[in-house]
Amino acid sequence: MFGIRQRSASGVSRIGEPQTRIDGPEKVCGLVEYPGDVSLPGMAHAALAVSAIASGRVTSIRRDEAETMPGVLLILTHEDVGDAIGPVDHLMEGGYANSSWRPLASPEIRYAGQIVAMVVAETAEVAVAAAAALRIGYAGQSPVASLADPRCTTERLAEVNAEHHDRRTGDLDAALARAAVRVDSRYSTPIQHHNPIELPSTTCLWDGDRLTVYEPTRYLGAAQHGLAAQLGIAPDHVRIVSRFIGGHFGSKLALSQHTAICALAARRLDRPVRLEVSRRDQFTIANHRTETRHRIRLGATADGRLLGLGHEAATVSSRFDDFAMEGTDVSTALYAAEAVAAEERLGRVDRNTPGPMRAPPEVPFLFALESAMDELAHALEMDPVELRRRNDTATDPVTGKPFTTRPLMRCFDAAAAAFGWSERAPRPRATLRNGWWIGYGCAAAARPVKIGPASIRVMQDGEGNVRVETAHHEIGNGLYTLLATIASERLNVPLDRVTVVLGDSALPPAGISGGSATTTSLASALAEACAALLRNPEGPREVRHDYLPAGAKPDALEALRAGHIKLLTLPEDGLAWTFGAHMVEVRVHGLTGEVRVPRHVGAFAAGRVLNPTTARSQYLGGMAWGLSSALLEKTELDPRTGIYMNRDLAEYLVPTSADIAEQTVVMADDDDAAVNAEGIKGLGEIGIIGVAAAVANAVFHATGVRLRDLPIRVEALLN
């Protein structure tokens, strides 16, 4: 199996010290093989045809032109597939897939961009041309495309999901009635799509009744077991290989819609088949961040003490999945309000199922809360950092559970010192320099810590060489380096003696790459595995260790082995969170409304930092994406057709080098002995949370214009 190790001589690596990536040279030199790079002898190529309507059915498919193209090998539609692909549930509903909709099972259309055919040919170019040559007839009806559609009705999430409970304590209306200052505002965030550089792809190869799939996926176990269920074969006859992923941040969620079709094509042709999904089609084949709507009500005393906090939120899902991003558990626990009331609602639309996107609920939900906190600070004529200080809390105001650590204000103080917050003008629209209005804004970041079970194998031969194996994968976060560093220190061997093997379902099962749980889970598992190895006699030795987090249910490991997601939020009697504080300077041009962010400071407290070098990179990436979310990213939807309009990188705006200026990361101490034995909290997602609110608050401070809808564009400021 493919493994990564430090190529040059080095000593014992120490946890907490800066360490460059051991896979860096291979990546820079183009030696790393991503799933989409796999080329097999005799490989055919596939392309997709997708639905041009959002609701209705396919009435006819004319294939004659496509079938006569030289090099076309196979065309699959619902007429050819039908029940050959079995049903599986959504990953977040106890299943395996990013959508429970059965691909090519019937002529029914439930969203624009739904797969209606796959064409396989000798070359990718012929496959694409043949897919475009299919003539597909539809009988359609007007779709309900978004929350803005008056036909879109919502229902309480508590009625959809029995495990969801709207959080309440005290009498919110009474608390607001006696407040000296009140805020009652509405906020919205748009549909946003992942656009990783590496597109989704699948390469399927059968060897008798055994299937090997090369595919970038964030959960090997779910892809393996889900595909086995779809095809009606044993899970141990399916192998998924995904050693490196060129970006996902939620998009390559477990089993995708196209994989089983590709596997069927490979079996029917008796040759390998490869499909690379186009940039346009990945907008509907992968998932996305759904639009959200919020109403925040705050009431405070004249000295800024919160009496009441209300958060009403609405999101949407597809017609066929109950997936919902729940976020009021964070927004209503962040500050010490006497009375709290939350209600979350879910609407149904004729679109593909949304899914996790980096910091899934916290990004939109804390945009609303942290914007409202800034509005309250302005109404009180109080510094917004001071307002948060006066409402800092050691316990959840609803449940009374204590935070294991609470370094939020430590983050604000560290950010303020690095940023120069004391220079902020107390009133908005106070500073004009060379035609640009200057403003400062801040916002909090917070996220519950998650951890999951994991299995890991550690071997050491008679010469001291160490090998670490687990069925996780490298998504760019430095996992090869992290595991090698832990093994080097715990086993007291030089780093260049450690080989790390990842990304193969044949290895001991590990969990999903998500929830900022990769490090918390695998570092804990490897630490225990190394300790067990050291208890063995000298000489060649091997340990396979099953890690079960303290407080987890005994069946969590069995669920992991069956490919189910089992991320836990522990401890049950407390709240273990990561925290952060963002401070940004914005410049808004007085004539054009152009917004620039020349300075951005993020201070974060995320438990024990294992590698400051890669941690800083994670924070910077999150901060950059936060600015993108605040100022650029929005998927434009045609409300008449339910079609995403800007499905390319020309019109779906993401930042370039010119958009990201000075970024400063401050890592605050957070020694948390209660969170887990290693004191690790995970930091992949905290960097993006709160950025959009900090930018919006800074725009208000610069201009006096309060913008409550993302993204912040020139036209909103000019209007």
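Numerical summary
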item: Full-extension gain in nm, LEU534 to ARG389, via 0.36 nm per residue minus C-alpha separation; result: 47.5 nm
item: Length added when fully stretched, ILE233-ASN492, from 0.36 nm per residue minus Cα-Cα; result: 88.9 nm
item: The chain, dipole about Cα centre (Lys/Arg Cβ +1, Asp/Glu Cβ -1), debye to the nearest 20; result: 820 debye
item: Cβ-Cβ FRET estimate between ASP669 and SER10, R0 fixed at 41 Å, reported to 0.05; result: 0.90
item: Separation of alpha-carbon centers, the range 398-415 and the range 226-240, rounded to whole Å; result: 45 Å
item: ASP648-ASP89 FRET efficiency (beta carbon distance; Förster radius 22 Å; 0.05 resolution); result: 0.10
item: Residue-count net charge about TYR34 - beta-carbon cut-off 15 Å; Lys, Arg +1, Asp, Glu -1; result: -4
item: Cross-link reach list, lysines versus LYS634, counting only Cα pairs under 25 Å and skipping chain neighbours closer than eight places; result: LYS252
item: Rounded FRET efficiency, nearest 0.05, which uses the C-beta distance separating LEU40 from GLU67 and R0 of 25 Å; result: 0.50
item: Distance from the range 95-133 to the range 244-276 (C-alpha centre basis), Å; result: 12 Å
item: Sites matching GluC sites (Glu not before Pro) across the range 538-602 that sit in DSSP coil, with at most 15 neighbouring C-beta atoms within 10 Å; result: GLU538, GLU572, GLU594
item: Label zone at SER185, where the point sits 7 Å out along the Cα-to-Cβ direction: the range 439-456 residues whose backbone N lies under 17 Å; result: 439-445
item: Heavy-atom surface of the range 460-551, accessible at 1.4 Å and reported per residue (Å²); result: 30 Å²
item: Cα-centred dipole magnitude for the range 350-447, charges only on beta-carbon of K, R (+1) and D, E (-1), debye, nearest 20; result: 180 debye
item: Label-zone membership for the range 157-185, site ARG295, 7 angstrom Cα→C-beta point, backbone N under 12 Å; result: 184-185
item: In the range 13-89, the trypsin sites (Lys or Arg not before Pro) that fall in loop regions by DSSP, at most 16 other Cβ within 10 Å; result: ARG14
item: Mean Cβ neighbour count within 10 Å, used as a protection proxy, ranking 465-475, 88-98, 600-610, 293-303 highest first; result: 600-610, 465-475, 88-98, 293-303
item: Approximate spin-label separation ILE197-SER60, in nm, with each point projected 7 Å along Cα-to-Cβ; result: 4.6 nm
item: Gyration tensor verdict on the chain (Cα atoms; rounded if a/c is under 1.5, prolate if a/b is larger than b/c, oblate otherwise); result: oblate
item: Radius, Kirkwood style, for the range 227-341 when every pair of distinct Cα atoms is counted (Å); result: 18.8 Å
item: Loop trypsin sites (Lys or Arg not before Pro), the range 327-400 (other Cβ atoms within 10 Å of the site Cβ: 15 or fewer; DSSP); result: none
item: Computed helical MRE - 222 nm, the chain, DSSP H runs ≥ 4 contributing -39500 (n - 2.57), nearest 500; result: -7000 deg cm²/dmol
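The values are calculated or read from the model by the stated rules, or taken from the named source; none is laboratory data. In this text, all values refer to a predicted model and were calculated from it rather than measured experimentally. Virtual Cβ from ideal backbone geometry, glycine too; neighbours counted across all protein chains shown. To get the accessible areas, we keep the full protein, side chains included, count just its heavy atoms, and leave off ligands, DNA and RNA. Shrake-Rupley method; radii C 1.70, N 1.55, O 1.52, S 1.80 Å.
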